[in-house]
Structures are given as structure tokens and as C-alpha cells.
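Chemist: Below is a structure I'd like to ask you about.
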């Protein structure tokens, strides 16, 4: 997410650097009027490098501060979302418990093994086969085979049909 900056802010910084360089050059000429242009430039290299480093450090510090501020906002948003989720789960605990028991009964009715039940629950949570394989410490091929058995035993066409089987009636629009 790029932040919009004021272009005049950058030009004013450039103008300040140019003005400062001009003043340094004028001071060098006043100090020794017999210096050549190249001698004056060579005398200005060190202050110019100091100015460049200082400007770079200021910009870097600004970027670090902006990143820190963005990070703090994300942390607050994440915490707020977590708290909302916990509140929702606690308010819906009874309903969720009933849904969980209904899913268990249906899995039992389909004759799923314990491993298939675990895979089925992870699928219902929206996890990928790869994520399930990592969590269960098995190969992705094993998870795919177990998922295929779930779909076959439940006479379902796939992941979406499994989710719809349990959630379809929960998502009925409210009656006017």
C-alpha cells in the first residue's frame, strides 16, 4: 500500500540542498577569491556527501516510522478481529456444538474412518490438501485419497458439495 506524498515536500528539500550548496560555494569564494571553479567544487565534495547522507538517513528514518505505524495498525486490526471472533464463538457456542455433533453423526452415518473424519473437518475449515497433509504429517497424496473416499462415501461431487451439505440450510436468507 503506497502512501500518497506531497510532491512539493520533495521539491522543497531539493531547493534547500541547492540553496545550501550555493551558500557553501559563496563562502568558499569569499574565503579565497583566487580559487578556481574546480578547486571550489573539490572543497564542496565533503559537505555535499554529508548532506546526501543526512538526507538519506532522514528519509530512511521516515520510512521506518511509517512501516512501524502501519505494523501497529495491522496489529490493532488483527487483535480487534480476534476479539470479535472470540465473542462470536462464545455467543454461538451452543449452535456450533450442535453443528459439530451433527457433522460427527453424519460422518459416522457415512462410515468414515477416524482419519477421514479429521480430513473432512479440515476440508470444512477451508484448508488445502497441502495444509492438511502438513498438519497430519502425511503425504498430500494420502490426504487426496482420503478426501476422495469421503466424497464417495457421502455421494458428493467434491469439496464444495461437502461444505454445502452441512452449511446450505444455515445460509437461508431471512424471511421478510
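The values are calculated or read from the model by the stated rules, or taken from the named source; none is laboratory data. Since the model is a prediction, treat every value here as computed from it, not as a measurement. Because the Cβ atoms are built from the backbone with ideal geometry, glycine has one as well, and the counts that use them run over all protein chains shown.
Chemist: What residue, of 86, 71, 63, 106, is under 30 Å from residue 148 (Cβ atoms) and in a helix (DSSP H, G or I)? Before you say what the answer is, go through the steps one by one.
Modeler: Numbers: 86 fails: under 30 Å from residue 148 (Cβ atoms); 71 fails: under 30 Å from residue 148 (Cβ atoms); 63 fails: under 30 Å from residue 148 (Cβ atoms).
Just one listed residue meets the conditions, 106.
Chemist: Only one of 75, 29 is touching a helix residue (DSSP H, G or I) at 6+ places or on another chain (Cβ under 7 Å), over 30 Å from residue 167 (Cα atoms) and free of Cβ contacts under 8 Å to residues at least 12 places away in the same chain. Can you tell me which?
Modeler: Details: 75 fails: touching a helix residue (DSSP H, G or I) at 6+ places or on another chain (Cβ under 7 Å).
Just a single option satisfies the conditions, and that option is 29.
Chemist: So, one more: Kindly check whether there is at least one residue in the range 3-13 that is in a helix (DSSP H, G or I), farther than 30 Å from residue 163 by Cα, touching a helix residue (DSSP H, G or I) at 6+ places or on another chain (Cβ under 9 Å) and outside the structural domain of residue 148 (by TED's automatic domain parsing). Show your work before the answer.
Modeler: Of all residues in the range 3-13, those in a helix (DSSP H, G or I) come to 7-13.
With farther than 30 Å from residue 163 by Cα added as a condition, the list becomes 7-13.
Going one step further and asking which of them are touching a helix residue (DSSP H, G or I) at 6+ places or on another chain (Cβ under 9 Å), we end up with 13.
Those left that are additionally outside the structural domain of residue 148 (by TED's automatic domain parsing): 13.
Yes: one or more hits.
Chemist: Looking only at the range 35-54, count every residue that is in contact with a helix residue (DSSP H, G or I) (Cβ under 7 Å, 6 or more places away or on another chain) and either closer than 15 Å to residue 17 by Cα or part of a helix (DSSP H, G or I) (or both) and tell me the total. Full working, then the answer.
Modeler: The initial filter retains those residues of the range 35-54 that are in contact with a helix residue (DSSP H, G or I) (Cβ under 7 Å, 6 or more places away or on another chain), namely 35, 40, 43-44, 47-48, 51.
Filter once more, keeping what is either closer than 15 Å to residue 17 by Cα or part of a helix (DSSP H, G or I) (or both): 40, 43-44, 47-48, 51.
Within the range 35-54, residues that are in contact with a helix residue (DSSP H, G or I) (Cβ under 7 Å, 6 or more places away or on another chain) and either closer than 15 Å to residue 17 by Cα or part of a helix (DSSP H, G or I) (or both) number 6.
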